Amino acid sequence: MRFGPTRTRSPGAGLIPFDDTELPKREIDFTRNQTINREAFDGELKQTMTLGTAEAWTVGNNTQVMHVYHIHVNPFFITHINGEALPEGSPLARWQDTLGGDVGFKTRFEKFTGSFVIHCHVLPHEDNGMMQIVEVVEA
């Protein structure tokens with residue numbers, strides 16, 4: 001058997017790309033004291049999205065510490081890093097579910113209804129409250 005370089009499919013292989021349609025916007029900020037939008041996790045629903053819709057999100061890091069954004073259920077297509085639009089063909093413009101830094105992305109809510117979480121993927125930050133419950137509801 002011969003081993004050599006392998007190529008893995010990206011997390012979003014086969015997902016339909018976005019067009020240039022303007023989408024509703026949503027902002028999420030990692031903020032001081034390991035909070036999101038200045039609120040520590042309290043078990044309450046913070047964001048609601050509608051099944052069958054798409055949105056453009058901006059996730060900002062307003063701290064001096066690295067935070068890694070992670071969303072359960074829905075992948076996102078990266079469009080901006082640190083406020084700069086990615087050029088066409090950039091290898092960074094791809095489907096992900098986890099990414100660090102200030103990012104902009106487009107995402108769709110197509111198949112799942114119910115609650116799940118967004119959070120910092122640095123586990124002590126998540127454990128200290130850097131998490132939110134979000135929900136996708138039917139129209």
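The values are calculated or read from the model by the stated rules, or taken from the named source; none is laboratory data. Remember, predicted model here, so these are calculated numbers, not experimental data. In this analysis, Cβ positions are derived from the backbone assuming ideal geometry, glycine residues included, and neighbour counts consider all displayed protein chains. Side chains included, ligands, DNA and RNA excluded: accessible areas come from the protein's heavy atoms. Shrake-Rupley method; radii C 1.70, N 1.55, O 1.52, S 1.80 Å.
Check residue 81: other-chain or 5+ apart residues with amide H under 5 Å from its amide H, H built from backbone geometry?
The list, which skips near neighbours in sequence, is 86, 104.
Note down the relative contact order for the chain as a percent, whole number, built from C-alpha pairs under 8 angstrom at least six residues apart.
31
Take the solvent-accessible surface of the protein heavy atoms, probe 1.4 Å, and return the percent of it on the stretch 15-139 that carbon and sulfur atoms account for.
C and S atoms contribute 51 percent here.
For the chain, give the share of DSSP beta bridges that are antiparallel, in percent and rounded to the nearest 5; count only bridges with both residues there.
Percent antiparallel among DSSP bridges in the chain is about 75.
Please check the chain for the longest run free of chymotrypsin sites (Phe, Trp or Tyr not before Pro) that are loop-located per DSSP (anything but H, G, I, E, B) and have at most 14 other Cβ atoms within 10 Å.
Excluding the exposed sites themselves, the longest stretch runs over 4-111.
Whats the longest run of the chain with zero trypsin sites (Lys or Arg not before Pro) that are DSSP loop and have at most 14 other Cβ atoms within 10 Å?
39-110
I need the calculated FRET efficiency for the pair residue 25 and residue 113, taking r as the beta carbon distance and R₀ as 22 Å, to the nearest 0.05.
After rounding to 0.05, the efficiency reads 0.50.
In debye, nearest 20, what is the charge dipole magnitude of the chain about its Cα centre with +1 on Lys and Arg Cβ and -1 on Asp and Glu Cβ, if you could check?
Around 580 debye, computed over the chain.
Could you give each residue of the stretch 86-100 its phi-based ³J(HN,Hα) in whole Hz, using Karplus coefficients 6.51, -1.76, 1.60 with θ = phi - 60°, and x for Gly or Pro?
6, x, 4, x, 4, x, 7, 7, 7, 7, 9, 9, 8, 6, x
Please list, or write none, the aspartates and glutamates whose alpha carbon is within less than 18 Å of the alpha carbon of residue 106, excluding same-chain residues fewer than 8 places away.
19, 20, 22, 27, 29, 55, 84, 88, 97, 135
Could you compute the net charge surrounding residue 41? Neighbours are other residues with a C-beta less than 12 Å from the C-beta of residue 41; K and R count +1, D and E count -1.
Computed value for this residue: -4.
Grab the other residues whose beta carbon is less than 15 angstrom from that of residue 50, score K and R as +1, D and E as -1, and report the net.
0
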